[in-house]
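Notes to accompany the following structure.
Every number in this text was worked out from the coordinates using simple rules, so none of it is lab data. This is a predicted model, so every value here is computed, not measured. A quick note on method: Cβ atoms are made from the backbone with ideal geometry, for glycine too, and the neighbour counts reach across all protein chains shown.
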Amino acid sequence: MLSAFARAFQTPDLRKKLLFTLGIMVLFRLGSHIPIPGVSFTAVNECVKETKNSGLFGLVNLFSGGALLQLTIFALGIMPYITASIILQLLTVVIPRLEALKKEGQAGTAKITQYTRYLTIALAVLQGTGIVATASSGALFSGCPLANQIVPDTGVFRIAVMVLTMTAGTTVIMWLGELITDRGIGNGMSLLIFTSIAAQFPSNMWAIKQSGTIGGGWVEFLSVVAVGIIVVMLVIFVEQAQRRIPVQYAKRMIGRRAFGGTSTYIPLKVNQAGVIPVIFASSLLYIPALVVQLTNSQAGWATWIRTNFVKGDHPIYMATYFLLIVFFAFFYVAISFNPEEVADNMKKYGGFIPGIRAGRPTAEYLNYVLTRITWPGSLYLGLIALIPMIALVAFGQQTNFPFGGTSVLIVVGVGLETVKQIESQLQQRNYEGFLR
């Protein structure tokens, strides 16, 4: 990986792309520290120091690089865009118009991207309004004595300006991500998420060292580093693992020329769903606790939710979280990979799996293989997501534990994809062809 970056910096055009990408990342992190107008910066800092817990908004705070709880102009981060992309991806399976656009190629993809932008802005307004209302009521930092002083002026105009600023920040982030995609290296949105998560690693690691009690905290620090290396190696191994189904294409004579007769394969990844099931499960588990917090109900069901679904170290919470991840892994794979469509395309172009008849038997075989490899992939996702909760039980370090859950999956996945793109661009520039 390091050699790929070193060779990229030696290539002038790739060096410009890398420097441009790094510049956008720095600008993105700068915006994550500029507070929105109408917020008491002193009260926010004091509450962040006292609570040291992201609570119900942990997922959004993770994707914003800690900017959410500090109420900065980039407080919403890239989360509205991720939600909009997932919603449209799910609707593509349900709505025939979106499915037809997806099959139109580049023009249809551009139209779906435009719909994603509009939905992102709408979700940003909705989420921004909810966060500002939560901050105004003092529920953003439960247990902080200065929580009610975070927004001194709760007038309609001031609240509207705060929501508009957050929405504009999300729009700017979306624009920065597209700039990286067009002029930089790799997928811009993924790299901005990578930047948000990776930026919290140094502070989290140092917090673990400071809160440690054995050997001045260095024993805990080195233990977390060792666990982190093992987890990263496991994630890289599983993310690269795939089942390659061989496919052969029969020869066809068109005039005097023969076409086909080639052999290829269908790569089915063990973790076909990626990090989406973890996001779905986390978002769904936040809803009951969020309803209880906003309604401030004292009923029996509210007390049961506060007892079992607020703290991540509760066995019921951990078991429900694990089962939801497994369910959403199968659900997302089922809607994102269509064995019937793949079998029909293979049959149309004269392809077949050796030993399997074309058509319906091919679809049944692909569905059988996909179900078999999704089981270990879903269990792997569940175990990785439970690592921060296990760390809470063992070390009391859920908030500061960086090597687990969504963070390590995204960081390793984006890092591997970026290195692959750099290596592919280097290979294109060094390819000499048949003639020198």
request  = Would you please put 230-242, 185-197 in order of how densely packed they are, using the mean number of other Cβ atoms within 10 angstrom per residue and starting with the highest?
outcome  = 185-197, 230-242
key: Two-site FRET efficiency, N296 against S211, from Cβ-Cβ distance with R₀ of 41 Å, rounded to 0.05   = 0.85
key: Two-site FRET efficiency, K420 against K348, from Cβ-Cβ distance with R₀ of 30 Å, rounded to 0.05   = 0.50
ask   = Which entry in (1) -0.41, -0.51, -0.62, -0.71; (2) -0.30, -0.41, -0.54, -0.68; (3) -0.25, -0.35, -0.45, -0.57 is this structure's computed log10 I(q)/I(0) by the Debye sum over Cα atoms at q = 0.06, 0.07, 0.08, 0.09 Å⁻¹?
value = (2)
request  = Can you tell me how much longer the chain between Q242 and L383 gets when fully stretched, taken as 0.36 nm per residue apart minus their C-alpha distance, in nm with one decimal?
outcome  = 48.8 nm
Test item: Cα-centred dipole of the chain, Lys/Arg +1 and Asp/Glu -1 on Cβ, debye = 1560 debye
ask   = For the chain, what is the relative contact order in percent, using Cα pairs closer than 8 Å and at least 6 residues apart in sequence?
value = 17 percent
remark   = Protection proxy (average C-beta count within 10 Å per residue), highest first, orders 131-140, 262-271 as 131-140, 262-271
query = Counting alpha carbon pairs within less than 8 Å and at least 6 residues apart, what relative contact order, in whole percent, applies to region 151-270?
reply = 12 percent
key: Prolate/oblate/rounded label for region 124-273 (Cα gyration tensor, a/c 1.5)   = oblate
Span-rule helices in the chain, defined as complete DSSP H runs reaching 30 Å or more along the axis (Cα) with Kyte mean at least 1.0 = 156-183, 218-240, 315-336
Ranked by how many other beta carbons lie within 10 Å on average, peptides 165-177, 350-362, 34-46 from highest = 165-177, 34-46, 350-362
ask   = In terms of the Cα gyration tensor, with a ≥ b ≥ c the square roots of its eigenvalues, is region 164-244 rounded because a/c is under 1.5, prolate because a/b exceeds b/c, or oblate?
value = oblate
Largest-first ellipsoid semi-axes for region 260-305, taking √(5λ) over the Cα gyration tensor eigenvalues, angstrom = 47, 8, 6
Mean Cα-pair separation over length for region 67-201, i.e. relative contact order, pairs under 8 Å, 6 or more apart, % = 27 percent
